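First up is the structure itself, then whatever we jot down about it.
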Amino acid sequence: MKKNLFYLCFGVVAVILLALFWYSVENFTPLYITIAFVISVVLLYLAYRRVDDFVEDERSARITEKAAMRTLQVFWVCFCAFSILAVTNLLDVSRLTRAFWMNREPGVMAPEIVPLRMIGYFQLALLCLMIFLYVAFRLYYARKYGEYDTDEE
């Protein structure tokens with residue numbers, strides 16, 4: 001198995017675990033996600049042992065470094081934007097304005113931008129996005145720096 005295929009499998013497993021997590025929460029069955037997580041870790045470990053192209057040289061280290069750095073650079077923007085949305089939703093800034101307090105009917109609350117229970121799902125989805133970003137940047141920099149070229153003379 002190639003390492004990029006392993007990274008892709010890791011991302012697919014993460015998405016499946018996210019769906020199982022949602023199912024477990026919705027149906028109040030935490031045992032499903034717990035068992036699925038343990039099985040996933042074991043399966044990913046077994047898949048990792050079958051990867052045959054883990055060769056660490058200067059070029060591979062450079063590709064890994066660039067991919068990790070770009071992943072963090074893109075991901076922090078996504079995560080920060082979501083966090084700002086979540087915090088403003090939790091604080092419900094519209095309730096703090098003078099116009100809202102002066103013109104509201106008693107008992108009327110401001111609408112939620114994101115339902116509170118969805119925030120955790122979005123955070124888990126962002127973690128899956130981070131894995132896929134890393135794989136995409138790893139593939140990009142591997143092609144850019146020629147990881148797949150042979151250096152044999």
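The values are calculated or read from the model by the stated rules, or taken from the named source; none is laboratory data. This one's a predicted model, so the numbers in the text were calculated from it and none came from an experiment. Using ideal geometry, Cβ is built from the backbone for each residue, glycine included, and neighbour counts are taken over all protein chains shown.
Among the residues of region 6-15, which ones are among the hydrophobic types (A, V, I, L, M, F, W, C) and touching a residue at least 12 places away in the same chain (Cβ under 8 Å)? Residues satisfying the conditions are PHE6, LEU8, CYS9, PHE10, VAL13, ALA14, VAL15. When restricted to residues that are outside any helix (DSSP H, G or I), farther than 17 Å from TYR121 by Cα and of a type in the set (Val, Ile, Thr), region 13-64 contains 2. Can we say MET69 is modelled with pLDDT of 70 or more and assigned to a helix (DSSP H, G or I)? Yes, satisfied. So which residues in region 21-68 are under 30 Å from ALA142 (Cα atoms), more than 20 Å from the chain's Cα centre (by Cα) and acidic (Asp, Glu), if there are any at all? Residues satisfying the conditions are ASP52, ASP53, GLU56, ASP57, GLU58. Restricting to region 26-51, and then to whatever is within 17 Å of VAL13 (Cα to Cα) and of a type in the set (Ser, Thr, Tyr), can you tell me which residue is surrounded by the fewest Cβ atoms within 10 Å (Cβ to Cβ)? Among residues in region 26-51 that are within 17 Å of VAL13 (Cα to Cα) and of a type in the set (Ser, Thr, Tyr), the one surrounded by the fewest Cβ atoms within 10 Å (Cβ to Cβ) is TYR45. In region 52-89, which residue that is surrounded by 15 or more Cβ atoms within 10 Å (Cβ to Cβ) and among the β-branched types (Val, Ile, Thr) is farthest from ARG117 (Cα to Cα)? Of everything passing the filter in region 52-89, ILE63 is farthest from ARG117 (Cα to Cα).
Those residues that are under 19 Å from LEU18 (Cβ atoms) and not aromatic (Phe, Trp, Tyr), I need them from region 31-46; list them, please.
Step one: list which residues in region 31-46 are under 19 Å from LEU18 (Cβ atoms), which gives 31-44.
Within region 31-46, LEU31, ILE33, THR34, ILE35, ALA36, VAL38, ILE39, SER40, VAL41, VAL42, LEU43, LEU44 meet the criteria.
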